[in-house]
Ligand SMILES: Nc1ncnc2c1ncn2[C@@H]1O[C@H](COP(=O)(O)OP(=O)(O)O)[C@@H](O)[C@H]1O
Ligand SMILES: [Mg+2]
């Protein structure tokens, strides 16, 4: 269906971005193009829709040399999704999704029908979104629209350049699953650029790994895990796989189990003194039956004291609804801390009773371990 | 003095009106030319990049010349006096804000938006009409707005080289040391300026696509 034949690109400044790229892509296949930053993934992808003209070689589309086609016509046979999304801000979601159809002169009513149809396909409530504008949507929602937009004209081939790269890990996983589901439903050939091996392993039928403009290995995910072509591939897999630990380790295994905690009716001065003694800059607050109320920061308490406020510590307890369970993956703790800008997050058991705490310090310890083992792992694999 | 002004307005109302209309032409013609020429040319200069330094260079230079000197310059380059040299002077004077804003507006369209549109198969014209112009429109109109306000101010000076308009009334009043006549010219000129500013502000808001309003 899609054949890359000795495709190469040397930029005018002499950079050999892509060298002798050969690949045969079957209909309905999802190919992940992976490699470190600057290895030529985007250049390869953008040569397919001729946003970049190759300096050598060519691409065959159903046996036809693509150089014989008009670039605009060629692009209209392909779908294109980029990391920066690039929705058109002055157009509604409906108009954005069907923009390709507008370029092709399809009338307004048909375009809107197609937009609703695609929203339904992605399981999004059409009436809620179609008439809104891109800036009213979150990054994840915008990229969902970005993907739907590439499907509007029912192209056989879709090119995606790190489409989920700018999203947070939870959202990324969700969109990966959706994409996989969507692809099974619509049977598209997809070339998917990523630098995240997890992502490639999760969604790809075959993975193409590149380094410095050259293809190092082409293999199915299983094959690549079992038989990395060389040390570079092994290391690329290894380092990436160990970063996954954070999503596999449970909170219980890394939490500290004696967090600094006071009851809700403790006075301000007393609480502050307690924090000083424990050398912490925030304290968990528990109410009746040891139920978690929130966390109070030393900074806030100090300020309240200076303002001579006569209240209890419970008045300064914040983020009462931000916590993780002991059996959640450690990754969740990281997400929450990042999302709320916290230095620590409480771990609550049944009945919202505090059982422990995860701090930045504990997480650093986990990551440190992961990085140390990952440095050793590829060497072992390479020797084996 | 107010009663004198009233008196003058009563006796010369028709004159004031026709001078105001003349003033409108004096503003509208160079403005229309400036828009029709500067906007497309500047858009072209975002495609053919080496054009831009020439265009902005020229329009900047015209703005730098003191307005009085610019009018005199028109005479010295052989355009003589009257409506034509005044229109030319006002035209070149109005270019700069339009050129600058058109360029800022068009080149301010984020690369990823253009990249996605081209990648989806937009032709050059589709890119311009469907993506770049709507996104740049607000900025371009703001440029036209400041050009217009400047032109209205400058237009009263054009009477100095015999272009007529409200400026001639002001000069007549000055020559006769008659404040009422000066005011009869100044007040409509000021009203025109405020009106233009107000209408352009409205237009700017009207032309801003809904998705770009904040
Ligand atoms: N327009 C350009 N001119 C010169 N060099 C470029 C250009 N675009 C990319 N490069 C270089 O080509 C190489 C490959 O870039 P790219 O395909 O963007 O890599 P990736 O997408 O894998 O990060 C890099 O070394 C990059 O610096
Ligand atoms: Mg890239």
- Message: I want to make sure I understand the PRE zone here: with the label point 7 angstrom from the Cα of residue A:108 toward its beta carbon, which residues in region A:131-172 have backbone N atoms less than 15 Å away?
- Response: A:131
- Note on the structure: Semi-axes of the protein assembly as shown from the Cα gyration tensor (sqrt of 5 times each eigenvalue, largest first, whole Å) come to 61, 40, 21
- Item | Residue-averaged beta-carbon neighbours from other chains (10 angstrom radius) around B:106-116 | 4
- Item | Separation of the residue B:24 and residue A:132 label points, Cα + 7 Å toward Cβ, nm | 4.6 nm
- Query: From the Cα gyration tensor of region A:2-246, with a ≥ b ≥ c the square roots of its eigenvalues, which class applies: rounded if a/c is under 1.5, or else prolate if a/b is larger than b/c, or else oblate?
  - Reply: oblate
- Bridge orientation stat for region A:2-246 from DSSP, antiparallel percent rounded to 5, came to 50 percent
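Provide A:160, A:69, A:337 in ascending order of the number of other Cβ atoms located within 10 Å of each residue's Cβ, fewest first.
A:69, A:337, A:160
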- Note on the structure: Label model pair residue A:227, residue A:69: point-to-point distance (7 angstrom along the Cα→beta-carbon line) in nm is 3.4 nm
- Tell me the label-point distance for the pair residue A:26, residue B:15, using the 7 Å Cα-to-Cβ offset, in nm and rounded to one decimal. 9.4 nm
- Query: Using alpha carbon centroids, what distance separates region B:95-156 and region A:270-301, in Å?
  - Reply: 56 Å
- Task: Once you've got the GNM for chain A with C-alpha springs shorter than 10 Å, pick whichever of A:359, A:194, A:44 has the biggest mean-square fluctuation.
- Result: A:359
- Task: Calculate, in nm to one decimal, what residue A:178 and residue A:270 gain on full extension: separation in residues at 0.36 nm each, minus their alpha carbon distance.
- Result: 28.0 nm
- Length gained, residue B:4-residue B:37, 0.36 nm per residue minus C-alpha separation, equals 7.4 nm
- If B:2, A:167 are placed from fewest to most neighbouring beta carbons inside 10 Å, the sequence is B:2, A:167
- Task: Pop the C-beta distance of residue A:300 and residue A:263 into the FRET formula with R0 = 22 Å and round what comes out to the nearest 0.05.
- Result: 0.80
- Query: Looking only at A:165, A:351, A:40, which one moves most when chain A is put into a Gaussian network model with springs between Cα atoms under 10 Å?
  - Reply: A:351
- So residue B:194 and residue B:64, fully extended at 0.36 nm per residue minus their Cα-Cα distance, gain in nm 44.3 nm
- Query: Helix-derived [θ] at 222 nm for chain A: sum -39500 (n - 2.57) over DSSP H runs of at least 4, divide by residue count, nearest 500?
  - Reply: -12000 deg cm²/dmol
- Query: Using alpha-carbon pairs under 8 Å, 6+ residues apart, how would you state the relative contact order of region A:251-366 in percent?
  - Reply: 31 percent
- Note on the structure: Among B:174, B:19, B:90, the residue with the largest mean-square fluctuation in a Gaussian network model of chain B built from Cα contacts under 10 Å is B:174
- Query: Under the definition of Cα pairs under 8 Å and six or more residues apart, what whole-number percent is the relative contact order of region A:2-246?
  - Reply: 27 percent
- Roughly how crowded by other chains is peptide B:121-129, in terms of the mean Cβ count from those chains within 10 Å of each of its Cβ atoms? 4
- Query: Got a sec? How would A:274, B:58, A:292, A:99 order by Cβ neighbour count within 10 Å, fewest to most?
  - Reply: B:58, A:274, A:292, A:99
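Work out the mean other chain Cβ neighbour count within 10 Å for the residues of A:93-101 and drop it here as an integer.
Partner-chain Cβ atoms within 10 Å, mean over residues of A:93-101: 2.
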- Message: Between 0 and 90 degrees, rounded to the nearest ten: what's the tilt of helix B:166-175 against the longest Cα principal axis of chain B?
- Response: 40 degrees
- Task: State, as an integer percentage, the relative contact order of chain B based on alpha-carbon contacts under 8 Å between residues 6 or more apart.
- Result: 27 percent
- Among region A:334-359, those whose backbone N falls under 15 Å of a label point 7 Å along Cα→Cβ from residue A:291 are A:349-354
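Read-outs throughout are calculated quantities, based only on the coordinates presented, and are distinct from any laboratory measurement. Please read all numbers here as calculations on a predicted model, not as lab measurements. As a convention, Cβ positions derive from the backbone with ideal geometry for all residues, glycine included, and neighbour counts pool all protein chains shown.
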